[in-house]
């Protein structure tokens with residue numbers, strides 16, 4: 001931190017990763033002439049118009065985040081991908097997303113994407129710095145701006161699986177948004193997340209195989225002890241001794257395949273049967289997968305009946 005900014009500004013610079021605005025520098029007792037001198041000698045550097053880094057060298061990511069939100073002015077917050085990054089849901093992306101209150105006119109700084117919101121007072125996190133939207137609102141913002149439903153659903157599942165938020169909290173934020181793109185898909189994703197789905201493949205099994213065909217509910221991410229080790233079963237039909245493992249990738253590295261084999265062997269030794277399905281089985285052939293699962297369940301005492309998922313469903317031919 002620059003030694004020639006003193007008093008209350010020291011705490012401010014510490015909070016803002018050594019970034020400040022011209023107005024904040026004035027409040028610290030510096031004149032425009034003093035600011036220009038620091039810029040000219042390289043002790044400071046300009047990040048945006050009227051926003052400075054009170055240090056030399058390459059500004060880190062945190063400094064750029066503060067510079068973007070300070071340049072956007074009072075009440076501005078980091079949002080969308082950038083807020084999700086700060087909440088630990090996404091990797092950093094080059095562009096910094098900032099939301100400002102509706103009706104404000106803000107110049108577009110380089111490298112910053114501006115959004116406008118009429119409900120920013122409700123979506124702003126009350127304590128975290130730099131200012132950002134709450135995780136639930138960040139997820140909903142990204143859901144609306146996603147390129148497709150599946151990308152959006154994956155984000156909902158990831159947010160819930162990370163335990164940084166819950167489906168109920170996301171639903172509570174959704175209720176404050178009467179108009180929302182893809183609301184039915186979001187509600188379906190929240191239902192799957194509440195049931196324990198952690199991935200898009202699990203979501204598809206939940207919607208296309210399990211719910212669509214009337215299979216009994218499963219226990220997801222079931223923790224068991226095998227040979228002194230803890231392991232998670234993707235889907236477990238408790239009471240029927242049947243385990244479903246879902247492989248999200250077409251090909252696994254050798255060590256991962258052997259891990260799967262050992263886990264399946266341990267499940268068999270424990271008196272359970274494992275069925276393993278991949279992306280194609282669940283996505284392109286859900287009816288066939290449902291029939292196989294139903295047959296395995298019936299062998300173990302399930303007396304339920306499958307239902308057709310549509311006019312072309314294979315269950316109708318049985």
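A short reminder: the numbers here are calculations on the coordinates, not readings from a lab. Computed from a predicted model, the values in this text were never measured in an experiment. So basically every Cβ, Gly included, is an ideal-geometry build from the backbone, and we count neighbours across all protein chains shown.
Extension gain, residue 61-residue 145: 0.36 nm per intervening residue step, less the Cα-Cα distance, totals 27.9 nm.
Quick one: which of 155-161, 49-55, 200-206 comes out on top by average Cβ neighbours within 10 Å, and what's the full order, highest first? Intermediate values should be presented prior to the final figure.
On the way: 155-161: 21.9, 49-55: 19.9, 200-206: 23.9.
Ranked from most to least packed, the peptides come out as 200-206, 155-161, 49-55.
For the range 67-194, relative contact order (Cα pairs under 8 Å, six or more residues apart, normalised by length) works out to 21 percent.
Set the Förster distance to 41 Å, then compute FRET efficiency between residue 187 and residue 23 from the Cβ-Cβ distance, nearest 0.05. Spell out each step's value before the answer.
Values: r = 45 Å, r/R0 = 1.09.
Efficiency at R0 = 41 Å is approximately 0.35.
Using the beta-carbon distance between residue 107 and residue 168 and R0 = 35 Å, what value does 1/(1 + (r/R0)^6) give for FRET efficiency, to the nearest 0.05?
After rounding, the FRET efficiency stands at 0.35.
The chain gives an Rg/Rh value of 1.14, both radii derived from C-alpha positions and Rh following Kirkwood.
Rg/Rh for the range 67-194 (Cα atoms only, Rh after Kirkwood) is 0.95. Rg over Rh for the range 16-125 works out to 0.99, both radii taken from alpha-carbon positions and Rh defined as the Kirkwood radius. Normalised by the number of residues in the chain, the average gap of Cα pairs under 8 Å and 6 or more apart makes the relative contact order 9 percent. Among 138, 79, 162, the largest mean-square fluctuation in a Gaussian network model of the chain, built with springs joining Cα atoms closer than 10 Å, belongs to 162. The packing ranking, built from the mean of other Cβ atoms within 10 Å per residue, places the peptides 29-36, 284-291 in the order 284-291, 29-36, highest first. Site pair residue 177 and residue 33 shows an inter-label distance of 5.2 nm when each label is modelled 7 Å from Cα along Cα→Cβ.
Measuring spread by the Cα atoms of the range 8-57 yields a radius of gyration and Dmax of 9.8, 25 Å.
Estimated translational diffusion coefficient (Stokes-Einstein, Kirkwood radius over Cα pairs, 10 °C, 1.306 mPa s) of the range 165-217: 134 µm² per second. Contact order, relative form, for the range 9-52: 38 percent (alpha carbon pairs under 8 Å, 6 or more residues apart, mean separation divided by residue count). Every helix of 4 or more DSSP H residues in the chain counts as -39500 (n - 2.57), and over all residues that averages to -12000 deg cm²/dmol at 222 nm.
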